[in-house]
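Shown next, in structure tokens, is the structure this report addresses.
Each reported figure results from applying straightforward, stated rules to the coordinates on display, with no laboratory input. Note that this is a predicted model, so its numbers are computed, not measured. Please note: Cβ atoms are built from the backbone with ideal geometry, for glycine as well, and neighbour counts cover all protein chains shown.
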Amino acid sequence: MKIIKQVPNMLSVLRIVLSVVLLFLTDKPWVFLFVYLINGATDVFDGKIARRFDAVSSLGSKLDAVGDSLLFGSAAICMIFLADLEIEPLKCLFALSFGIVYKLANVAVTRVRFGQWNMMHTTLNKTVFVSLFFCVPIFLLLGEINLRLVIAISAIMCAACLEETVTLMKLEEYDVNCKGVLGEKVAEKVTRRRAA
């Protein structure tokens, strides 16, 4: 039973390692895609296993947040170099950097306000992450991406980060699994509809 409680953390550590490995696979698109999908599976199963076997921990939460960030960051960078771009990769990286920098700013806010390095799993953050996760294989298969699309992705990331910032400012006690300001409102509407 002790070993099963370590599995979620081991999956998160595997995601961290595989996210770095992705950076070295830009010349092998199909290997990249295989490793990327395995990486995504680790994100799905680490939380499910942790909740199922009551293995949720502060360390696991932090490893999960680092793993998520590295997976998305390395995938975004690799996506630009894997695709057959009509524009310079550096312009795309510059556009993506706004969302990434804002995400890091929220990590800093979390550290200052709550004394820990972490990222929230708000409903909007999860939705954005899942949507963007599936964009990478599509871009890879189509082989094209343009600056407008990269700017749109960065804008969506910034919107999720803005909601996270507002949530962080409203919270009195940190909750990594807080649904967020918008997530809470959606949950309230669903509850009201079910009650009616």
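With a cap of 14 neighbouring Cβ atoms within 10 Å, and only residues DSSP puts in a loop, list the GluC sites (Glu not before Pro) found in the stretch 114-167.
Working: sites: Glu144, Glu163, Glu164; in loops: Glu144.
Loop-located and lightly packed - Glu144.
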Handout entry: Inter-probe distance in nm under a simple model that places probes 7 Å from Cα toward Cβ, at Leu93 and Ile138
Key = 2.5 nm
Handout entry: Between 0 and 90°, nearest 10: helix 123-142 axis offset from the chain longest Cα axis
Key = 20 degrees
Fill in the blank from the handout: Treating only Lys and Arg (+1) and Asp and Glu (-1) as charged, each at its beta carbon, one finds that the stretch 97-182 has a dipole about its Cα centre, in Debye to the nearest 20, of 80 debye
Problem - In Hz, Karplus ³J(HN,Hα) per residue of the stretch 34-46 (6.51, -1.76, 1.60; θ = phi - 60°; x = Gly, Pro) - result: 4, 5, 4, 5, 4, 4, x, 5, 4, 5, 5, 7, 4
Practice task
Take the cross-link list Lys28/Lys103; Lys62/Lys170; Lys126/Lys189 and give me the ones stretching past 26 Å between alpha-carbons.
Solution key: Lys28/Lys103
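Between Trp30 and Ala195, what is the FRET efficiency for a Förster distance of 35 Å, r being their Cβ-Cβ separation, to the nearest 0.05?
0.10
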Handout entry: Spin-label model distance (nm) - Leu104 vs Trp117, 7 Å beyond Cα toward Cβ
Key = 1.2 nm
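Using unit Cβ charges (K, R positive; D, E negative) and no other charged atoms, how large, in debye to the nearest 20, is the dipole of the chain about its Cα centre? Numbers along the way, then the final one.
Details: 21 positive and 17 negative charges, 150 e Å.
The dipole of the chain has a size of about 720 debye.
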Fill in the blank from the handout: To the nearest 10 degrees, the tilt of helix 58-82 (Cα long axis) against the first principal axis of the alpha carbons of the chain is 20 degrees
Handout entry: Answer label, with volume of the Cα convex hull per residue in Å³ calculated from the coordinates and candidates (1) 102; (2) 135; (3) 111
Key = (2)
Handout entry: Residue-averaged 222 nm ellipticity for the chain, from DSSP H runs of 4+ at -39500 (n - 2.57), nearest 500
Key = -28000 deg cm²/dmol
Handout entry: With Cα atoms, 0 to 90° folded angle of helix 2-22 axis to the chain main axis
Key = 30 degrees
Practice task
Compute the FRET efficiency between Val7 and Asp175 as 1/(1 + (r/R0)^6), taking r as their Cβ-Cβ distance and R0 = 30 Å, and round to the nearest 0.05.
Solution key: 0.80
